Amino acid sequence: QVQLVESGGGLVQAGDSLRLSCAASGRAFDSYGMGWFRQAPGKEREFVTAINWSGARTYSADSVKGRFTISRDNAKNMVYLQMNSLKPEDTAVYYCAAGSYAIAATRESEYVYWGQGTQVTVSS
């Protein structure tokens, strides 16, 4: 069992940066691939970025490549999402998730544990 708690969301202006954090509790954190997803109002939840168990491999959606960076600190049971050059279309609730596998998975079905989400609002 893994519990995930996101933090760091807020209201920012277009072009600003924000860093989200995800604190994990439970066993064997470093055996899980971790991901960030987001859900905008009226839309389905979508994949943002993921990282494998060691942090050596990451994968990101085209919409955030070059702007968002995922990282992890296994010693602290933490995952981070650094978001730069934010755009109004990045407005969403952001969710941290722990995967069934140790890889950087991109599909929701490959994740078994989810946080409650943190709101990110980007004004124009």
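The values are calculated or read from the model by the stated rules, or taken from the named source; none is laboratory data. Worth saying up front: this structure is predicted, and the values here are computed from it rather than measured. Heads up, the Cβs are rebuilt from the backbone with ideal geometry, glycines too, and the neighbour counts pull from every protein chain shown. Surface areas here come from the heavy atoms of the whole protein model, side chains and all, with no ligands, DNA or RNA. Shrake-Rupley method; radii C 1.70, N 1.55, O 1.52, S 1.80 Å.
Give a residue-ordered list of calculated ³J(HN,Hα) values for the stretch 8-22 (Karplus: 6.51 cos²θ - 1.76 cosθ + 1.60, θ = phi - 60°; whole Hz; x for Gly, Pro).
Rounded to whole hertz, the list is x, x, x, 9, 9, 9, 4, x, 6, 10, 8, 10, 8, 10, 9.
In square angstrom, what is the accessible area per residue of the chain with a 1.4 angstrom probe?
In whole numbers, the chain has 51 Å² accessible per residue.
Tell me, what % of the accessible area of the chain is carbon and sulfur with a 1.4 angstrom probe?
Ligands and nucleic acids excluded, carbon and sulfur give 46 percent.
Stretch residue 16-residue 61 to full length: gain in nm at 0.36 nm per residue minus the Cα-Cα span?
Gain on stretching residue 16 to residue 61: 14.2 nm.
Give, as a single signed number, the net charge of other residues whose beta carbon lies under 15 Å from the beta carbon of residue 62, with Lys and Arg counted +1 and Asp and Glu -1.
+1
Just by accessible area at a 1.4 angstrom probe, what is the order of 30, 62 from largest to smallest?
In descending accessible area the options line up as 62, 30.
Grab the other residues whose beta carbon is less than 13 angstrom from that of residue 124, score K and R as +1, D and E as -1, and report the net.
Local charge sum for residue 124: -2.
Which far-off residues, 5 or more places away or on another chain, put their amide H under 5 Å from the one on residue 16, with H placed in the peptide plane?
Residues meeting the amide H criterion: 86.
Sorted by accessible area with a 1.4 angstrom probe, largest first, how do 69, 121 fall?
Reading off the accessible areas and sorting them downward yields 69, 121.
At 1.4 Å probe size, put 103, 70 in order of accessible surface, largest to smallest.
103, 70
Report, for the chain, the % of DSSP beta bridges that are antiparallel, rounded to 5.
For the chain, the DSSP antiparallel bridge percentage is about 90.
With viscosity set to 1.002 mPa s and temperature to 20 °C, compute the Stokes-Einstein D of the chain, Rh being the Kirkwood radius across alpha carbon pairs; µm²/s, no decimals.
The calculation lands on 152 µm²/s.
What full-extension length gain, to one decimal in nm, is calculated for residue 89 and residue 71 as 0.36 nm per residue of separation minus the Cα-Cα distance?
That pair, residue 89 and residue 71, stretches by 4.2 nm at full extension.
Could you work out which residue, out of 50, 28, 98, moves most in a Gaussian network model of the chain, that is, has the largest mean-square fluctuation with Cα springs under 10 Å?
28
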